[in-house]
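Peer 1: Dropping the structure in here first, questions after.
Only the coordinates and a few stated rules stand behind these numbers; no lab work does. None of these values were measured; they are calculated from a predicted model. Glycine also receives a Cβ, built like all others from the backbone with ideal geometry; neighbour counts cover every protein chain displayed.
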Amino acid sequence: MKLKAISLFIVLLISNFSWSQKSIIEIHKTQNGEVQIQPILHSSFILTYNNKTIYVDPYGGANLYQGLKSPDIILITDIHGDHLDFKTLDSIDTSKAIFIVPEAVKNQLNDKYLAKTEVLTNGQGIHRLDFFIKAIAMYNLPEETKAKHPKGRGNGYILNVDDKRIYISGDTEDILEMRMLQNIDIAFICMNLPYTMDINQAASVVLAFQPKIVYPFHYRGKDGYSDVQEFKSIVNSKNTTIDVRLLKWYLNN
């Protein structure tokens with residue numbers, strides 16, 4: 001009986017964590033409505049505006065998306081499995097979704113998705129539904145073809161949503177293209193070694209382009225989780241006006 005009770009408690013605990021993860025929604029007022037942002041896992045999140053839904057790098061399995069609205073647009077940043085996750089893609093309803101991806105991702109998609117796929121290279125933009133979406137470079141330093149993320153293979157993105165500009169870093173380091181960004185309202189910034197950058201690099205680049213709101217995400221690395229609280233402290237010790245928001249991107253962190 002004790003073993004069954006413990007097992008039931010674990011199941012309920014996991015279910016509650018899963019529900020809590022789904023229930024977190026950040027709301028940002030815009031000129032004509034509101035943007036809703038819901039973290040899912042790692043670098044995957046859902047953005048909703050004007051009854052249109054964008055999935056960013058859907059990842060983590062079907063259970064994380066149960067009961068959620070199907071996507072109208074799917075943005076994918078790179079070919080790695082924590083961004084291009086076929087197990088998750090195949091488990092969600094993508095029947096009405098437009099895929100916006102880099103060329104390297106398109107080359108791995110099957111016929112089910114290819115017919116509704118748009119390719120953006122770094123610097124290109126496209127209007128779809130109520131959004132203007134522009135691809136931004138993401139890459140490791142120094143620039144090398146053997147890098148985990150060579151320049152030109154993947155895309156970060158800037159989304160123009162009503163009067164808000166939202167930046168999604170993709171897997172990148174402290175690159176010039178990020179430092180030169182202007183008028184970013186909301187930024188999603190990666191920080192995990194050895195794949196992207198450490199918290200000091202991330203803080204430095206954020207202080208350079210000064211987004212109004214920053215969400216650290218993609219912070220699970222080879223040796224555990226980056227210290228996002230310390231990242232927040234570094235940023236706010238030098239600029240108190242940048243709103244660093246720490247959300248729960250992982251069930252056990």
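Peer 1: I want to verify a result. In a Gaussian network model of the chain, Cα cutoff 10 Å, which of these has the top mean-square fluctuation: Ser237, Ser169, Ser44?
Peer 2: Ser237
Peer 1: Any idea what the relative contact order of the range 62-176 is, in percent, if you count C-alpha pairs under 8 Å spaced at least 6 apart? Before the final figure, lay out the partial values.
Peer 2: Values: 207 pairs, mean separation 24.2, N = 115.
Answer for the range 62-176 is 21 percent.
Peer 1: Next up: To the nearest 0.05, how large is the calculated FRET efficiency for Phe209 and Thr145 if R₀ is 30 Å and r is the Cβ-Cβ distance?
Peer 2: Details: r = 27 Å, r/R0 = 0.90.
The value I calculate is 0.65.
Peer 1: Could you please report the charge total around Glu118, scoring K, R as +1 and D, E as -1 over all other residues with beta-carbon less than 15 angstrom from its beta-carbon?
Peer 2: Values: positive: Lys96, Lys106, Lys116, Arg128, Lys134; negative: Asp72, Glu103.
Local charge sum for Glu118: +3.
Peer 1: Hey, another quick one. Return the aspartates and glutamates within reach of Lys148: Cα separation strictly under 16 angstrom, same-chain partners fewer than 8 residues apart disregarded; answer none if there are no such residues.
Peer 2: Asp78, Asp82, Asp171, Glu173, Asp174, Asp198
Peer 1: Among Phe217, Val235, Met180, which residue has its Cα furthest toward the positive end of the charge dipole of the range 125-253, with +1 on Lys/Arg Cβ and -1 on Asp/Glu Cβ?
Peer 2: Phe217
Peer 1: Using Cα springs under 10 Å in a Gaussian network model of the chain, which residue among Glu173, Glu34, Glu143 shows the largest mean-square fluctuation?
Peer 2: Of Glu173, Glu34, Glu143, the most mobile in the Gaussian network model is Glu143.
Peer 1: For Phe217, which sequence-distant residues (separation of 5 or more, or a different chain) have an amide H within less than 5 Å of its own amide H, given hydrogens modelled in the peptide plane?
Peer 2: Residues meeting the amide H criterion: Ile189, Cys190, Met191.
Peer 1: Next question. Report, in listed order, any pair from Lys134/Lys248; Lys212/Lys232; Lys87/Lys116; Lys146/Lys238; Lys151/Lys222 with a Cα-Cα distance greater than 24 Å. Write down the numbers at each step before the final one.
Peer 2: Details: Lys134/Lys248 27 Å; Lys212/Lys232 13 Å; Lys87/Lys116 19 Å; Lys146/Lys238 35 Å; Lys151/Lys222 22 Å.
In this structure, Lys134/Lys248; Lys146/Lys238 lie more than 24 Å apart at Cα.
Peer 1: Related question: Among DSSP beta bridges lying fully in the chain, give the percent that are antiparallel, nearest 5. Before the final figure, lay out the partial values.
Peer 2: Working: 32 of 51 bridges.
Bridges in the chain that DSSP calls antiparallel: roughly 65 percent.
Peer 1: Okay, moving on. With runs of 4+ DSSP H residues as the only contributors, calculate the mean residue ellipticity of the chain at 222 nm using -39,500 (n - 2.57) per run, divided by the residue total and rounded to the nearest 500.
Peer 2: Calculated mean residue ellipticity at 222 nm is -6500 deg cm²/dmol.
Peer 1: From the phi of every residue in the range 209-214, what ³J(HN,Hα) in whole Hz does the Karplus formula 6.51 cos²θ - 1.76 cosθ + 1.60 yield, where θ is phi - 60° and glycine or proline is x?
Peer 2: Each residue's phi maps through the Karplus curve to give 9, 6, x, 5, 10, 10 Hz.
Peer 1: Hey, in the GNM for the chain with a 10 angstrom Cα cutoff, which one of Thr241, Thr117, Thr77 fluctuates hardest?
Peer 2: Thr241
Peer 1: Sequence-distant or interchain residues sharing an amide H contact under 5 Å with Phe45, placed H: which?
Peer 2: Placed amide hydrogens put Ile40, Val56 under 5 Å from Phe45.
Peer 1: Still on this model: Taking Cα centroids, how far is the range 23-52 from the range 173-251 in Å?
Peer 2: Each part reduced to its Cα centre gives a spacing of 19 Å.
Peer 1: Still on this structure, please answer the following. If I take every Cα pair under 8 Å that is 6 or more residues apart in the chain, average their sequence separation and divide by the length, what percent do I get for the relative contact order? Write down the numbers at each step before the final one.
Peer 2: Details: 528 pairs, mean separation 31.9, N = 253.
Answer for the chain is 13 percent.
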